[in-house]
1. How high is the FRET efficiency between T81 and V278 when r is their beta carbon distance and R₀ equals 45 Å, given to the nearest 0.05?
2. Starting from the Cα of K388, draw a straight line to each of the lysines and keep only those under 27 Å, dropping any in the same chain fewer than 8 residues away.
3. Say each of V93 and N124 gets a label point 7 Å from the Cα, pointing the same way as Cα to Cβ; how far apart are those two points in nm?
4. Read through the labelled values [x] 1.20; [y] 1.58; [z] 1.08 and report the label of the one computed as Cα Rg over 2.2 N^0.38 Å from the structure.
5. Between A202 and A68, what is the label-to-label distance in nm when each label sits 7 Å out along the Cα-to-Cβ direction?
6. Normalised by the residues of the chain, what does the relative contact order come to in percent, with Cα pairs under 8 Å and at least six apart?
7. Given charges of +1 on the Cβ of Lys and Arg and -1 on the Cβ of Asp and Glu, with all other atoms neutral, how large is the dipole of the chain about its Cα centre, in debye to the nearest 20?
8. Please check: in the Gaussian network model of the chain (C-alpha springs, under 10 Å), which one of P268, P279, P67 has the largest mean-square fluctuation.
Amino acid sequence: MPYDLKNRAGIGLPIAMGAMVIIGIVIAAGAFASLHDYRIDRNMLFQERALGAAEEGQARLVKDWSPAWNNKPYGDTLLRTYTLADGSVARVVATRLNQWTFSVASEGAVNETSRQLNARRRTNLLLRLHVPNLRMPAAISARDATRATGSGQMDGNDVNPPGWDCDAPGTPAGAIATDSINDSGTAGACAGEACLTTAAPAARMADSVLRDTTMYGSALGWDELKALALTPGTGLVFDITATGGSFTNVSPTGPSYNADGSCNRVDPRNWGDINRTVPAGKCEGYFPTIYLRGGINNNAIINGNGSGQGILIVDGNLQVNGNFKWYGPIIVRGNFLTNGTALPNPGVKIVGGVLAGNFNCNSSTPSSPCNNISGNTSMQFSRCALSKAVLANAKVVPSTRSWADLF
């Protein structure tokens, strides 16, 4: 017999609809988790790029470091901005903490114009000035025979130049130091050590370390000093071989300035400002490395009434005449001679110290010396003048445990 079909209530449709809802939720949750994970990874990538930019900024500051920045006042800052190849930016601020240390804060930024994709990281670095130990045990320290015959004074007491900002003077040094006491002597107006002054036990000292030829320039890094001299703004170079070995005259005139009043650091006649005034002169912080370039047997002479400060290095022999004034170390690989203009003129004045290698002279007889200090010549030992000149030309290196990731 025929059977009539009837609609019967079931759960198939609700199950299908529920399954579709659950699948939709799972798909949505997966999409949300995937998007969230993508954003986390993207943000981490931007954060790492920002960190890399911050570190790159620090590295570039160290690479680009100028010795002129070594004389910044305590608490003064230096700002540098670097744009990297990927478009990120590093803003670096270096702050002078004390005589030896700088704090460098670097902020790296990525996608600065985007509200959602920008990232910033900041790091800190401590830099210290690498100041080598310049060993000068006397006003003049030499490897071989040295004689003083002049009318001026050779003073081994540690004295700060007037107006210079330095620590208190230290222990007195000798007036003359050679590798053997028999290598030094006095004659003429200085006979009987009349021109030698010091509170040290002896005015003439013996120091066997002066026999070591590696100390004449290597302690400071001779090649590094030459590189500083060859860099415009940090040093000057004069060739003393141009006339076949005869004396080449160098006559600095003192500080010179640009049209805007700043120190003219490329003027070959400008060797810095030895005076200290209020307000400070624009060239007071300029301590150039002066390089008199030539062979060991070439000769250079400094004449005139000029003055200078910094580090003076000479490949060959050096003679200083006239009324020249110099503040800082003088390192001569050959022989050193002076002949200051007679009184009542000021004569030659050297404040700091002289180191003579005498590579082209092996005399141990003061009657025929390698180094002769004659005429109206005053030589004043000063750790202040030495340290200021060396500090102004020092390089920066990271301190121990120097780096910190701030945020």
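What follows is calculated from the coordinates using simple rules that are stated; it is not laboratory data. What you see is a predicted model; the values in this text were computed from it and never measured. Here the Cβ positions follow ideal geometry from the backbone for every residue, glycine too, while neighbour counts run over all protein chains shown.
1. It comes to 0.85.
2. K63, K72, K226, K282, K325, K349
3. Computed distance between label sites V93 and N124 equals 1.2 nm.
4. Correct label is [y].
5. 4.7 nm
6. 18 percent
7. I would put it at about 780 debye.
8. P279
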